[in-house]
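Worksheet: the structure to be examined is printed underneath.
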């Protein structure tokens with residue numbers, strides 16, 4: 001009985017002192033009047049969590065797709081043109097990534113060239129063997145020059 005009296009007295013004191021000690025009841029988790037607002041916040045947090053989980057799942061799926069493309073490119077079963085097409089399709093849903101590529105490759109003549117250079121860099125970073133990286137680099141240099149022919153010098157004969 002004595003314990004119950006102590007708890008009742010403590011509760012009554014907390015309620016009585018609440019108006020003079022703003023924030024104290026909230027900090028102690030005793031702000032029962034705030035329950036509806038807290039429930040709304042919890043619901044909003046859950047919606048945000050679901051949205052972020054969806055974004056994370058999309059990004060993970062894109063990374064898996066990029067890794068498969070890179071494997072095919074390294075194996076020679078996919079050309080740089082094809083890989084660039086597929087990377088571009090993935091990046092269409094990621095405008096922040098496209099902006100990042102503009103910052104990473106400011107000297108590229110087009111967004112497509114930026115994506116192609118990203119494909120090459122992304123692929124080369126996956127190779128640990130220097131000889132394999134050099135072979136891929138030579139192949140990618142050739143494919144880049146076919147995909148993005150160098151601009152003709154001013155006054156050059158177009159018929160070569």
Checking residue 46 against (1) surrounded by 10 or more Cβ atoms within 10 Å (Cβ to Cβ); (2) assigned to a helix (DSSP H, G or I); (3) at pLDDT below 75, which test does it fail? (3)
Restricting attention to the range 87-145, the residues that are surrounded by fewer than 17 Cβ atoms within 10 Å (Cβ to Cβ) and not in a helix (DSSP H, G or I) number exactly 11
The residue from 30, 25, 38 that alone is modelled with pLDDT under 90, out of contact with any strand residue (DSSP E or B) (no Cβ under 7 Å at 6 or more places or on another chain), outside any helix (DSSP H, G or I) and within 30 Å of residue 10 (Cα to Cα) is 30
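The values are calculated or read from the model by the stated rules, or taken from the named source; none is laboratory data. Model, not experiment: these values are computed from the prediction. Please note: Cβ atoms are built from the backbone with ideal geometry, for glycine as well, and neighbour counts cover all protein chains shown.
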